[in-house]
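Contents: one structure, followed by commentary.
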Amino acid sequence: MQRKKKVRRLMAFLLLAAGMMIFFAMNICLGSVEISLPEIVKSMSGQGMDWTKGRILREIRLPRTVAALILGGALALSGYLLQTFFHNPIAGPFVLGISSGAKMMVAAVMVFFMGKTGGLSSVTLILAAFLGAVLSMGFVLIMSRRVEQMSMLVVSGVMIGYICSAATELIVTFAEDADIVNLHNWSRGSFSGMNWDNVKVMAAVTAAAFLAVFFPAKPLGAYELGEAYAKNLGVNIRILRMLMVILSSVLSACVVAYAGPISFVGLAAPHLVKSLLGTAEPVFMIPACFLGGSVFCLFCDLLARNLFAPTEISISTVTAVFGAPVVLWVMVRRRK
């Protein structure tokens, strides 16, 4: 029995890794200008490539694809932490209004400070998004102490999200600076416009958060079995819960700061990964969630760019199409 479980987990990781590599290759090859894999191999080996294709590859597609990989994993990991924290299968950064809070603060900083400072650094945007995420998370935590039913907590999160979205729309009406003409597109979610400087910062933030999540994997496993059980094993519940709040907020903030709010990835990816692995052990779920979120976002971004080319649709539109059925499936399965 144990051998079958090990084989299943190994096959799940191999499948996720293969899916990530396949969609990564498709994202850099397919588009309005097709670039074949042999051309990419020649370019990487120093044999040269057509100048236009080389620029498209290095300055547009590669940074965008790497960003989708990193941010997709970050979003799935954030969703996993929130579902573990609230013991709620439909908790997620988008559903609980955390992404909306981060979006509101980033929009405010971009509108009211970008024109005065002549530009904002990546760190500033992440800090603004983190502040918004923490504020929204704080409201959710306050509501969690006042309502007993988890369904009411989710409704509270949705209401917080609506309030933050309305505030964002109000803020955007004051946008006049030429540097923020794409604010509306960003607010709908998109991986376009990424550059290597963005990728370096998001990679550093996500890698640090990933390690900070992975090291307390055993206490997380005990927490999943109940707070009383975890306390009996000597787990400091207060510190663990605080760590989950901070890390989920950091991961959500990093995504929103660069790509805007992206729906359903943090909600759907952990459930799909758990079904694939056949286990909920954090030591396996944490890396698998990251891989699963990456695969999910790479696939959705590929469709967003190419489905109605040359028109590009928002990434949240595609993730909602594939993520919403997963939510319905989870709810039906829990009822059974």
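The values are calculated or read from the model by the stated rules, or taken from the named source; none is laboratory data. Remember, it's a predicted structure, so these values are computed and weren't measured experimentally. No Cβ is skipped: glycine too gets one built from the backbone with ideal geometry, and neighbour counts run over all protein chains shown.
Brief remarks follow.
- Residues of the range 87-114 that are without any contact (Cβ under 8 Å) to a residue 60 or more places away in the chain and of a type in the set (Val, Ile, Thr): VAL109 alone.
- Test: residue in the range 225-237 that is surrounded by 15 or more Cβ atoms within 10 Å (Cβ to Cβ), more than 30 Å from ASN306 (Cα to Cα) and in contact (Cβ under 8 Å) with a residue 12 or more places away in the chain: yes
- Criterion (of a type in the set (A, V, I, L, M), farther than 22 Å from ASN88 by Cα and touching a Lys or Arg at 6+ places or on another chain (Cβ under 9 Å)) met by exactly one of VAL318, VAL256, VAL235, VAL283: VAL256
- Boolean, GLY260 is surrounded by 21 or more Cβ atoms within 10 Å (Cβ to Cβ), under 13 Å from the mean Cα position of the chain (by Cα) and at pLDDT below 85: yes
Matching residues to (1) aliphatic (A, V, I, L, M); (2) surrounded by fewer than 20 Cβ atoms within 10 Å (Cβ to Cβ); (3) assigned to a helix (DSSP H, G or I); (4) in contact with a Pro (Cβ under 8 Å, 6 or more places away or on another chain):
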residue	(1), (2), (3), (4)
PRO287	no, yes, yes, no
PHE290	no, no, yes, no
VAL295	yes, no, yes, no
LEU298	yes, no, yes, no
ARG305	no, no, yes, no
SER316	no, no, yes, yes
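- Candidates VAL106, VAL95, filtered to the one that is modelled with pLDDT of 80 or more, crowded, with 19+ Cβ neighbours inside 10 Å and among the β-branched types (Val, Ile, Thr): VAL106
- The residues of the range 197-221 that are more than 14 Å from MET285 (Cβ to Cβ), among the hydrophobic types (A, V, I, L, M, F, W, C) and in a helix (DSSP H, G or I), listed by number, are VAL199, VAL201, MET202, ALA203, ALA204, VAL205, ALA207, ALA208, ALA209, LEU211, ALA212.
- Members of the range 305-321 that are touching a residue at least 40 places away in the same chain (Cβ under 8 Å) and either under 17 Å from PHE24 (Cβ atoms) or aromatic (Phe, Trp, Tyr) (or both): ARG305, ASN306, ILE315
- Screening LEU247 with (1) hydrophobic (A, V, I, L, M, F, W, C); (2) within 28 Å of MET110 (Cβ to Cβ); (3) in contact (Cβ under 8 Å) with a residue 40 or more places away in the chain; (4) crowded, with 24+ Cβ neighbours inside 10 Å gives one miss only, at (4).
- The residues on offer are VAL134, VAL123, and the sole one that is within 22 Å of LEU243 (Cβ to Cβ), under 21 Å from the mean Cα position of the chain (by Cα), modelled with pLDDT under 80 and not polar (S, T, N, Q) is VAL123.
- Those residues of the range 62-98 which are of a type in the set (Phe, Trp, Tyr), within 12 Å of the chain's Cα centre (by Cα) and assigned to a helix (DSSP H, G or I), in sequence order: TYR80
- Residue in the range 47-84 that is nearest to MET202 (Cα to Cα), counting only those that are surrounded by fewer than 20 Cβ atoms within 10 Å (Cβ to Cβ) and among the hydrophobic types (A, V, I, L, M, F, W, C): LEU62
For every residue, the table says whether it meets (1) modelled with pLDDT of 80 or more; (2) surrounded by 15 or more Cβ atoms within 10 Å (Cβ to Cβ); (3) touching a strand residue (DSSP E or B) at 6+ places or on another chain (Cβ under 6 Å).
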position: LEU153; (1), (2), (3): no, yes, no
position: MET159; (1), (2), (3): yes, no, no
position: HIS184; (1), (2), (3): no, no, no
position: MET194; (1), (2), (3): yes, yes, no
position: MET202; (1), (2), (3): yes, yes, no
position: ALA207; (1), (2), (3): yes, no, no
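- Check on ILE246, part of a loop (DSSP other than H, G, I, E, B) and under 19 Å from ILE98 (Cα atoms): no
- PHE85 over 17 Å from PHE284 (Cα atoms), modelled with pLDDT of 90 or more and not aliphatic (A, V, I, L, M): no
- Some residue of the range 295-308 being under 16 Å from the mean Cα position of the chain (by Cα), modelled with pLDDT of 90 or more and among the aromatic types (Phe, Trp, Tyr): yes
- The condition (being out of contact with any strand residue (DSSP E or B) (no Cβ under 8 Å at 6 or more places or on another chain), closer than 25 Å to PRO63 by Cα and among the β-branched types (Val, Ile, Thr)) is satisfied by just one residue among VAL250, VAL245: VAL250.
- Count - residues of the range 263-285 that are of a type in the set (S, T, N, Q) and either surrounded by 23 or more Cβ atoms within 10 Å (Cβ to Cβ) or at pLDDT 95 or above (or both): 1
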